[in-house]
1. Could you give the distance between the Cα centres of the stretch A:1-76 and the stretch C:98-125, to the whole Å?
2. Using the beta-carbon distance between A:Leu60 and C:Thr46 and R0 = 41 Å, what value does 1/(1 + (r/R0)^6) give for FRET efficiency, to the nearest 0.05?
3. Once the Cα atoms of helix C:13-22 and of chain C are each reduced to a long axis, what angle between those two axes, in degrees from 0 to 90 to the nearest 10, is obtained?
4. List the residue from chain C whose beta-carbon is nearest to the axis that rotates chain C onto chain D, together with that distance in whole Å.
5. Check each of the trypsin sites (Lys or Arg not before Pro) in chain A and keep only those in coil by DSSP with at most 16 other C-beta atoms within 10 angstrom; list them in order.
6. Taking a quarter of the surface of the convex hull around the Cα atoms of chain A, what do you get in nm²?
7. Rounded to the nearest 20 debye, what is the charge dipole size of the stretch D:3-146 about its Cα centre when +1 sits on each Lys and Arg Cβ and -1 on each Asp and Glu Cβ?
8. Measuring from a point 7 Å out along Cα→Cβ, what nm distances, shortest first, does B:Met1 have to its partners in the other copies?
Amino acid sequence: MIELRYFAWVRERVGTGHETVHTDAETVGALIEELKGRDEGYAFAFSDPGAIRAAVDQELAGPDTPIAGAKEVAFFPPMTGG
Amino acid sequence: MIELRYFAWVRERVGTGHETVHTDAETVGALIEELKGRDEGYAFAFSDPGAIRAAVDQELAGPDTPIAGAKEVAFFPPMTGG
Amino acid sequence: MPEIVVQAEPFDMGERLNRFAARQENAGAVVSFSGIVRDAAAGGLTAMEIEHFPGMTEKALSGIAGEAMTRWSLMDAFILHRYGRMGQGETIMMVATAARHRGEAFAAAEFLMDYLKSRAPFWKKEFTFEGAAWVEAREEDEEALSRWSSGG
Amino acid sequence: MPEIVVQAEPFDMGERLNRFAARQENAGAVVSFSGIVRDAAAGGLTAMEIEHFPGMTEKALSGIAGEAMTRWSLMDAFILHRYGRMGQGETIMMVATAARHRGEAFAAAEFLMDYLKSRAPFWKKEFTFEGAAWVEAREEDEEALSRWSSGG
């Protein structure tokens, strides 16, 4: 089981900010592919992989980052702070 | 007649901050040469021309800047504000 | 130790600058940057809302500040960033740096801003008379990062 | 119009920053620099005295600020510089810039500092336990000017 968190328009599109899922995916990229198949909202949220940023246990991650042993994976758009 | 003003160590070396002189010098550089001949203090103050900055009527000037018609010429070390 | 503050409440940038400067002992140079809510696109901005990722935000800002401290032998650094809703003219965030000389203080403040813009988990939503829209990341902000990439 | 202040009295940098930011209407970015009296050479500094050229000082600072305004399409600029005697920890001077984006605000503030250091008629004298000495102009300060020389 792994905690998923969504922020900004990713959160709005998937329809929740937080959920716990079971996954066989081994990387961030594989997890995205899995989520895309869930429903239209997820498919829309993850339709442009270049527009998605991810963090594994609160560290910025890329598509190849492994998620084995991670407690939490977060997905969000490019950051716009400052 | 022209007003001369001296600042920082130039002022300390010539021994005054302000004086009115008559000069036939046509440029800042020529005026410096004239002043150097006055006494030891002036000679000391102007001994290193590279260390002297000048302003003619409150605008930064070089050795070739003409002083004809100027009301005031100021001499000082390189500036150290900020 | 750099000071990191993440809060919803408004803050007084002048008071923060004074407090930061007062705790310095050897720094001759203090630089500050403040970001203010503005109607950049002149589209009738009424409010801005900032979402963030509690926990990761503080970690990311501490990491960025620590990196700046070592890169420029800073004496001190300060980052304050707000989240939640704020109106036009309100201060969104502030960074301050303290160093012996001005060059390091300026460079470090710019570095903090560049990293914070694209590497700290904040997202801005703008509210106008026509509705709400997430602010898109600017190409320039990503490019601004590249100038610091030698050695890190 | 940039605001130029030359005064002997101490000032409150935070209050000045707040006042500067409050009068902005379109600037999303405000940068400040403050210079503080420090014992840079660790030579037992007891005080600093700043001499200036009344009249020319205001003119030079106005000219530098005006140049910065046009070079970076600034919204506003502020320069305050003290003269006279001041002790360790006192604030010597401050500049602030306001612009739409952070890049211009930072560049303009650095420009103001670089010009002010070598082109405004101020001279610092340091008092230590061993006596008084005029601060020598730093080679780096003259070099810092050269990076702005394209087109001006």
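Any read-out appearing in this document is the output of simple, stated calculations on the displayed coordinates, not a laboratory observation. A quick note: this is a predicted structure, and the numbers were derived from the prediction, not measured. Here Cβ is always computed from backbone atoms with ideal geometry, including for glycine, and neighbour counts include all displayed protein chains.
1. 29
2. In this case the efficiency is close to 0.80.
3. 10
4. Spelled out as residue then distance in Å, it is C:Gly14, 2.
5. Hits after loop and neighbour filter: A:Arg38, A:Lys71.
6. Working: hull surface 19.7 nm².
Orientation-averaged projected area of the Cα hull: 4.9 nm².
7. On the way: 15 positive and 23 negative charges, 83 e Å.
That gives the stretch D:3-146 a dipole magnitude of about 400 debye.
8. Spacings between copies for this position, smallest first, are 9.7 nm.
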